[in-house]
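Engineer: One structure follows; several queries about it will come next.
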């Protein structure tokens, strides 16, 4: 019987359009995401086939979040249809069993809820056959992945969702409460995600995810591209447990609903009060005062606002969504306020603002979308229109109070979040309350964007024949506005509705660099919205017009007097602000659309790549005179540069690539400009008499910023009112700049360029190919001298010792000179700095910081000292007389080492918050890393070929680890390396090109040269000893520090390390540097037996597998023949993560399974193979196991 | 002040001719607009209430051009639509006060008094703080009357105002209207003949967008004098009678059909002369027998 009911339910829905529309929507979203690079759904696609099993399963794992509200409609109707249609009196009086009825309806609704999810398969299957997709990026159709995903995700998720919603519907019998429940489910899901995002409790998070999406993430996080292309996850492990848990929960919830459901009619509400009908209209004649009727528009305005405001404030849906939005926002604030950038930070206001935007604004947009329709159609829907429309009210009074109501509601939501933000800051003990910033950012900046949206939504609804068409066109418009401009290659914000320049707020400069453009664009769109508002008022529906002609005639009737002048005024203002913006952005400056930019890059490569290897003069020394004008964001850099011909042949021309954002003038005595490519910014000068071998000449160049008016988007964000930071790369670069080439293989294909490796292949014993460093710039070690000036209230800094400082014409001047020849890599900075100064063995340590960010300066100083201690002792001397850390605005989030000078972003250390003893001291680590670059990069620098960054980044990473280990101990390193390993394993699965072994890493593969290198070099140090590693490094320094070309390659390091490695460990060199080696070690059993002498015999049964992976992640198992640690730990003390090490021993493992024994003094808590998780292993947690005590003799 | 309607026509997009060259002159006092459902009454009412544009024709309230000087009309208008709803979650008092404000009563104190008095008068005072959405049909209708009367309109348009009211309430409502109607133009549209008979000094009958009659109800009845006949028959004979005679109306009396038949002379055996009433006028008019 229940089958009949279920089938009836299914047939009922299959005949309705709703299911098919939902299927179409999901199908379209997925279709767009896999067939076009512009559309994204849940993030960018990985570098796999677009129809890889992983892609299919990933979509299925989270699609339930999108179909949740659709399911609500089905389930609700299945459960409540009889009540809302009042057919229950008929249905429930039939001899129908409750079991059949409920289960049938429930199963029917569940099955129907699956249909929209099938849009994933539909979209992916269809997209493969579209003519515009690149078939190289598509694999064979994997039906198994589709069916598995439906079984693992679609059905269980539909079941669970249906169970919960069915229970709510049956118990509450109220549609709104059902939708609230769905929203609560959604927000709860988000909050739970925020709560459990740390690596420490990822397993719990994976089990607690009712949709299995995070479980899928966790299970597949270390999958390589090859695995993602060929493997699909099945009902195993965590995923199996998760599914079992949530199917059971679903059953339980349904059982509860079942037991509480009754066919009986609820006690309905008491009938509305009806006073004595006999007395309905009083015959008593109450004398009415003759009222004075007035046209008082403002009083009507205020009164109307009150009525609409009350109506909205009291509506259940608004209260629900407001509460849901705050439930999503405030806990996220509390939890993530200190989680910025993957580490602990202080809850600075701009960070809180970003969190509010991320968590609250999706709801605000929903409120605007929904309530714009409700408010416009309110009179019509409530059938109040005839009464209200026949009152003597001006048309604008129907409009303005409603718009105001919506805006006030939005601003109230924002204000609640604002108060939440302040409360959270207080709770974290942070008391720098920037109320003005909060108010401006939320209630002016963001609220104005919401105003644009609201005005637009009202306009579209007023022109629509009904509410639903209004919603449809509004959403279509927003989607088009977001997605259509890029494919059309239009970048100007003048045509993209409501668009204004992106900006990054910094404590150092506020929003000053962006402000002018932002203000003008805001004015422009405000006026446009004014025009829309006038049109909206003219077409505001009044009375019953069945024809568009009538509406137009009405509008024409209304359009008179003040409205005409207001419209003309607006039009005039719109045209003139538009013209002014156009003049500023397109005449004074230029807008380069993304595709144009790519085309220029491709053209540059096609035209000038031929000159890449052409011999060019090299830079020997530079004298800079830099003038910075912070208030106008301008800069002039003049340079005198000595160039030399190091080759055996004469050079007859010199070529330059110049920066398009600056005006560059080049003066070379005895040379003339023979080609000036103003489109691709390339210049060729011919020497009148060729430069002879070893001949030196002096040339001059001037680089001027051209900040005039304002730009569509700020291009020279390095020049700001406070916190200027640029480097000498803006100057003319000698020769062809391979850094301008397109790198993405798909982009290259589009422009007919061959796929290339980003760096030349690694060579052993190379000479001619190693004459340039990977930093480039056609220079070796150079002398640099700088005179830099800035406004009187700022300090200006360049590399080297400060030799002179003076004031002239109300400006400050500083002269710096490098203490030692260095890389041709100089930074120029200016801001209002505080300076902390200390001394380390005669070297000046300085931290230049913003007055608002004093917190971590002592830690930086400490790290600089500890770094100098370790590096000078173990590597070699420090050649500068100063070491400086200089804060710069968070337009970029990195720290970078220049000779003796380290610019450091405001956002990655200056606002970090290290307060718990086991927090990783991120600041200390970054400073130690940058300090290490003074040896690794600034003394020893790699030749421009694969593996170059091993000599700089990897060694800086190793050096920083050593300093950190000395300062914080071994346990901290275990924690740190766990994050490094996790990062490496995750990132290799998203590699877009090839994963390379460490020795041939490319300069942009940070996950290898930082993350993997940390793990690998620390492991090597554990195996051969710190002193052996450092001996090798000293050898590299001695041989290559400040040496003339040819420059060293990664072989230099690996060879030196190999020399220091004992014969039995030689295999390590190949495993760690030349191959991609992955282990899968685990302990099957660990037991201990007490001995007569009170010690314990510990027996381990372990498994060890070793794999080698290729560039795409295909793995081959190789025999194990490795020395691996085994060991045992005591129970950790309270609040400690790791227990004392009771035993550590290195054993030679040659089999996949082995049994090992050792003796400990006390009873171990855990024991196992590779207990410190030093080897690269995807599941380090199963390396150790809790020890079971077995009976003694 | 009188309302003068000249040659008003309106055709809907679906081709329905709602008003076909309607001309009426409506003096001060109660004016009945009688017609079956779909006759064009509501279209005419809405046009007079400035809510709809006719295709052609004109309407003047005194000197005011109803079709052009909409705001002037609205200042003098009280309108009770045939169907209306109210904002959810708003009390009767707040809603009435809001509408009073929209009509121009901007003085808060004065508005409060008038609203209170009007609520008293329509016997909604006890429930003034309740949300209107919880009101019964009768209460809601009384609210409609209250809002139409507030602001002392000079033109009061009530479209099927007694729908949903019980007989007692209907009577009292008419008393209220009659009281107001002495000073202003009151247009009452209805399909209930008795209402017009009881209340109106003047009336018009509209059918399919055309005015079939206009004048005093009594005149219309007089016209029919001696042309209406009645008799009671057996049920099975009904079809035969309807075919053979011009049956104006039939209703059951004691379980047997009781017919009114139109005819210049005695239609046949068994018929007796009948006292013509407005209902007979209405039905003969819309069938164009008269």
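Engineer: Let me confirm something: among A:825, A:814, which residue is part of a strand (DSSP E or B) and crowded, with 20+ Cβ neighbours inside 10 Å? Talk me through it step by step, then tell me what you get.
Structural biologist: Numbers: A:825 fails: part of a strand (DSSP E or B).
Just one listed residue meets the conditions, A:814.
Engineer: Which one is farthest from the other protein chains (Cβ to nearest Cβ) among residues in region B:129-152 that are surrounded by fewer than 18 Cβ atoms within 10 Å (Cβ to Cβ) and at pLDDT 85 or above? Talk me through it step by step, then tell me what you get.
Structural biologist: First, pick out the residues of region B:129-152 that are surrounded by fewer than 18 Cβ atoms within 10 Å (Cβ to Cβ): B:129-130, B:133-134, B:136-137.
Now drop any that are not at pLDDT 85 or above, which leaves B:129-130.
Details: B:129: 11, B:130: 7 Å.
Only one residue tops the list, namely B:129.
Engineer: I'm trying to understand the selection: among the residues of region A:334-365, which are surrounded by fewer than 18 Cβ atoms within 10 Å (Cβ to Cβ), within 30 Å of residue A:465 (Cα to Cα) and at pLDDT 85 or above?
Structural biologist: Of everything in region A:334-365, just one residue is surrounded by fewer than 18 Cβ atoms within 10 Å (Cβ to Cβ), within 30 Å of residue A:465 (Cα to Cα) and at pLDDT 85 or above, namely A:365.
Engineer: Further, regarding this structure: With the checklist (1) within 7 Å of another protein chain (Cβ to nearest Cβ); (2) under 25 Å from the mean Cα position of the chain (by Cα); (3) part of a loop (DSSP other than H, G, I, E, B); (4) in contact (Cβ under 8 Å) with a residue 24 or more places away in the chain in hand, flag the one item residue B:89 doesn't pass.
Structural biologist: (2)
Engineer: Please determine, by comparing only the residues of region A:985-1007 that are assigned to a helix (DSSP H, G or I) and out of contact with any helix residue (DSSP H, G or I) (no Cβ under 6 Å at 6 or more places or on another chain), which one is nearest to residue A:1110 (Cα to Cα).
Structural biologist: My answer is A:988.
Engineer: Something else about it: How about region A:1079-1187: which strands (runs of 3 or more DSSP E) wholly inside it have at least 2 residues that are more than 21 Å from residue A:1019 (Cβ to Cβ)? Explain how you work it out, then say what you get.
Structural biologist: Values: elements: A:1096-1109, A:1115-1118, A:1122-1129, A:1141-1149, A:1153-1160, A:1166-1169, A:1184-1186.
In region A:1079-1187, the matching strands (runs of 3 or more DSSP E) lie at A:1096-1109, A:1153-1160, A:1184-1186.
Engineer: Here is a follow-up. Which of the residues belonging to region B:92-128 are within 7 Å of chain A (Cβ to nearest Cβ), in a helix (DSSP H, G or I) and more than 25 Å from residue A:397 (Cβ to Cβ)?
Structural biologist: B:117, B:120, B:121, B:126, B:127
Engineer: Condition (residue is surrounded by fewer than 22 Cβ atoms within 10 Å (Cβ to Cβ), free of Cβ contacts under 8 Å to residues at least 60 places away in the same chain and at the interface with chain A (Cβ under 10 Å from one of its Cβ atoms)) applied to region B:155-163: is it met by at least one residue?
Structural biologist: No, the conditions are met nowhere in region B:155-163.
Engineer: Can you name the condition, by its number, that residue A:699 falls short on among (1) closer than 20 Å to residue A:771 by Cα; (2) touching a residue at least 40 places away in the same chain (Cβ under 8 Å); (3) assigned to a strand (DSSP E or B)?
Structural biologist: The number of the failed condition is (1).
Engineer: When region A:869-881 is examined, which residues are found to be crowded, with 20+ Cβ neighbours inside 10 Å and not in a loop (DSSP other than H, G, I, E, B)? Please lay out each step first, then the result.
Structural biologist: In the first step, residues of region A:869-881 are kept if they are crowded, with 20+ Cβ neighbours inside 10 Å; the result is A:870-871, A:875, A:878, A:880.
Listed by number, the residues that qualify are A:870, A:871.
Engineer: What is the number of the single condition among (1) in a loop (DSSP other than H, G, I, E, B); (2) within 25 Å of residue A:302 (Cβ to Cβ); (3) at the interface with chain A (Cβ under 9 Å from one of its Cβ atoms); (4) touching a residue at least 40 places away in the same chain (Cβ under 8 Å) that residue B:52 does not meet?
Structural biologist: Unmet for residue B:52, out of (1) in a loop (DSSP other than H, G, I, E, B); (2) within 25 Å of residue A:302 (Cβ to Cβ); (3) at the interface with chain A (Cβ under 9 Å from one of its Cβ atoms); (4) touching a residue at least 40 places away in the same chain (Cβ under 8 Å): (2).
Engineer: Quick check, is residue B:210 out of contact with any helix residue (DSSP H, G or I) (no Cβ under 8 Å at 6 or more places or on another chain), at pLDDT 85 or above and more than 10 Å from chain A (Cβ to nearest Cβ)?
Structural biologist: Details: out of contact with any helix residue (DSSP H, G or I) (no Cβ under 8 Å at 6 or more places or on another chain): yes; at pLDDT 85 or above: yes; more than 10 Å from chain A (Cβ to nearest Cβ): yes.
In short, yes.
Engineer: Looking at region A:737-750, can you tell me whether even one residue there is at pLDDT below 95, crowded, with 17+ Cβ neighbours inside 10 Å, in a loop (DSSP other than H, G, I, E, B) and in contact with a strand residue (DSSP E or B) (Cβ under 8 Å, 6 or more places away or on another chain)?
Structural biologist: yes
Engineer: Conditions first: (1) touching a helix residue (DSSP H, G or I) at 6+ places or on another chain (Cβ under 6 Å); (2) more than 10 Å from every other protein chain (Cβ to nearest Cβ). Residue A:361 passes all but one, so which condition is the exception?
Structural biologist: Against the list (1) touching a helix residue (DSSP H, G or I) at 6+ places or on another chain (Cβ under 6 Å); (2) more than 10 Å from every other protein chain (Cβ to nearest Cβ), residue A:361 comes up short only on (1).
Engineer: Pick out the one residue from A:693, A:669 that is in contact with a strand residue (DSSP E or B) (Cβ under 8 Å, 6 or more places away or on another chain), exposed (fewer than 15 other Cβ atoms within 10 Å of the Cβ) and assigned to a loop (DSSP other than H, G, I, E, B).
Structural biologist: Numbers: A:693 fails: in contact with a strand residue (DSSP E or B) (Cβ under 8 Å, 6 or more places away or on another chain).
When all the criteria are applied, what remains is A:669.
Engineer: Here's a check for you: in region A:1113-1143, which residue that is closer than 30 Å to residue A:229 by Cβ and surrounded by fewer than 16 Cβ atoms within 10 Å (Cβ to Cβ) is modelled with the lowest pLDDT? Walk me through how you get there before you give the answer.
Structural biologist: Start the filter on region A:1113-1143 by keeping residues that are closer than 30 Å to residue A:229 by Cβ, which leaves A:1113-1120, A:1122.
Right, trim to surrounded by fewer than 16 Cβ atoms within 10 Å (Cβ to Cβ) and you get A:1114, A:1116-1119.
On the way: A:1114: 89, A:1116: 93, A:1117: 94, A:1118: 95, A:1119: 95.
Within region A:1113-1143, the match that is modelled with the lowest pLDDT is A:1114.
Engineer: I would also like to ask the following. Say whether the condition of being part of a loop (DSSP other than H, G, I, E, B), facing chain A (nearest Cβ under 9 Å) and either within 29 Å of residue B:283 (Cα to Cα) or at pLDDT below 90 (or both) is met by at least one residue in region B:59-75. I'd like the intermediate steps shown before the answer.
Structural biologist: Looking only at region B:59-75, we keep the residues that are part of a loop (DSSP other than H, G, I, E, B), and these are B:62-63, B:66-69.
Keeping just the survivors that are facing chain A (nearest Cβ under 9 Å) gives B:68.
Next, only the ones that are either within 29 Å of residue B:283 (Cα to Cα) or at pLDDT below 90 (or both) stay: B:68.
Looking for residues that are part of a loop (DSSP other than H, G, I, E, B), facing chain A (nearest Cβ under 9 Å) and either within 29 Å of residue B:283 (Cα to Cα) or at pLDDT below 90 (or both), one finds at least one in region B:59-75, hence yes.
Engineer: Wholly within region B:181-290, which helices (runs of 4 or more DSSP H) include no fewer than the required count, namely at least 1 residues that are free of Cβ contacts under 8 Å to residues at least 24 places away in the same chain and at negative phi? Let's see the steps before the verdict.
Structural biologist: On the way: elements: B:193-199, B:217-224, B:238-244, B:278-286.
Correct list: B:217-224, B:238-244.
Engineer: Moving on. Name the helices (runs of 4 or more DSSP H) wholly within region A:447-553 that hold at least 3 residues that are without any contact (Cβ under 8 Å) to a residue 12 or more places away in the chain and farther than 30 Å from residue A:909 by Cβ?
Structural biologist: On the way: elements: A:447-463, A:467-483, A:512-538.
Counting at least 3 such residues, we get A:467-483.
Engineer: Output the residue which, of all residues in region B:1-40 that are within 14 Å of chain A (Cβ to nearest Cβ) and outside any strand (DSSP E or B), is surrounded by the most Cβ atoms within 10 Å (Cβ to Cβ).
Structural biologist: B:40
Engineer: Moving on to the next point. Being in a loop (DSSP other than H, G, I, E, B) and farther than 18 Å from residue A:49 by Cα is the filter; apply it to region A:212-262 and report the residue that is farthest from the chain's Cα centre (by Cα). Explain how you work it out, then say what you get.
Structural biologist: We begin by selecting, within region A:212-262, every residue in a loop (DSSP other than H, G, I, E, B); these are A:212, A:221-224, A:231-236, A:261-262.
With the extra rule that they be farther than 18 Å from residue A:49 by Cα, the set shrinks to A:212, A:234-236, A:261-262.
Numbers: A:212: 23, A:234: 30, A:235: 31, A:236: 31, A:261: 47, A:262: 50 Å.
Going through the qualifying residues, I end up with A:262.
Engineer: Examine region A:942-954 for a residue that is more than 22 Å from residue A:777 (Cβ to Cβ) and either more than 28 Å from the chain's Cα centre (by Cα) or buried (at least 24 other Cβ atoms within 10 Å of the Cβ) (or both), and state whether such a residue exists. Explain how you work it out, then say what you get.
Structural biologist: Our first condition is that a residue be more than 22 Å from residue A:777 (Cβ to Cβ); within region A:942-954, this holds for A:954.
Remaining after also requiring either more than 28 Å from the chain's Cα centre (by Cα) or buried (at least 24 other Cβ atoms within 10 Å of the Cβ) (or both): A:954.
Yes, some residue in region A:942-954 is more than 22 Å from residue A:777 (Cβ to Cβ) and either more than 28 Å from the chain's Cα centre (by Cα) or buried (at least 24 other Cβ atoms within 10 Å of the Cβ) (or both).
Engineer: Something else now. Take residue B:79 and tell me if it is touching a strand residue (DSSP E or B) at 6+ places or on another chain (Cβ under 8 Å), surrounded by fewer than 21 Cβ atoms within 10 Å (Cβ to Cβ) and within 13 Å of chain A (Cβ to nearest Cβ).
Structural biologist: Working: touching a strand residue (DSSP E or B) at 6+ places or on another chain (Cβ under 8 Å): yes; surrounded by fewer than 21 Cβ atoms within 10 Å (Cβ to Cβ): no; within 13 Å of chain A (Cβ to nearest Cβ): yes.
No.
Engineer: Checking the condition at pLDDT 95 or above, farther than 30 Å from residue A:1152 by Cα and buried (at least 16 other Cβ atoms within 10 Å of the Cβ), which residue from A:1056, A:1013, A:1003 passes? Steps first, please.
Structural biologist: Working: A:1013 fails: farther than 30 Å from residue A:1152 by Cα; A:1003 fails: at pLDDT 95 or above.
The unique qualifying residue is A:1056.
Engineer: What single numbered condition from (1) facing chain A (nearest Cβ under 10 Å); (2) within 17 Å of residue B:192 (Cβ to Cβ); (3) buried (at least 17 other Cβ atoms within 10 Å of the Cβ) fails to hold for residue B:166?
Structural biologist: Going through the list (1) facing chain A (nearest Cβ under 10 Å); (2) within 17 Å of residue B:192 (Cβ to Cβ); (3) buried (at least 17 other Cβ atoms within 10 Å of the Cβ), residue B:166 breaks only (3).
Each row is one residue, and each column tells you yes or no for (1) over 22 Å from residue A:310 (Cβ atoms); (2) buried (at least 21 other Cβ atoms within 10 Å of the Cβ); (3) modelled with pLDDT of 90 or more.
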| residue | (1), (2), (3) |
| --- | --- |
| A:371 | no, yes, yes |
| A:376 | no, yes, yes |
| A:404 | no, no, yes |
| A:415 | no, no, yes |
| A:421 | yes, yes, yes |
| A:425 | yes, yes, yes |
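Engineer: Does residue A:803 fit the bill of being buried (at least 20 other Cβ atoms within 10 Å of the Cβ) and touching a strand residue (DSSP E or B) at 6+ places or on another chain (Cβ under 8 Å)?
Structural biologist: No: the conditions fail for residue A:803.
The values are calculated or read from the model by the stated rules, or taken from the named source; none is laboratory data. Quick caveat, the model's predicted, so the values are computed rather than measured. Reconstructed Cβ throughout: ideal geometry from the backbone, glycine too, with neighbour counts over all protein chains shown.
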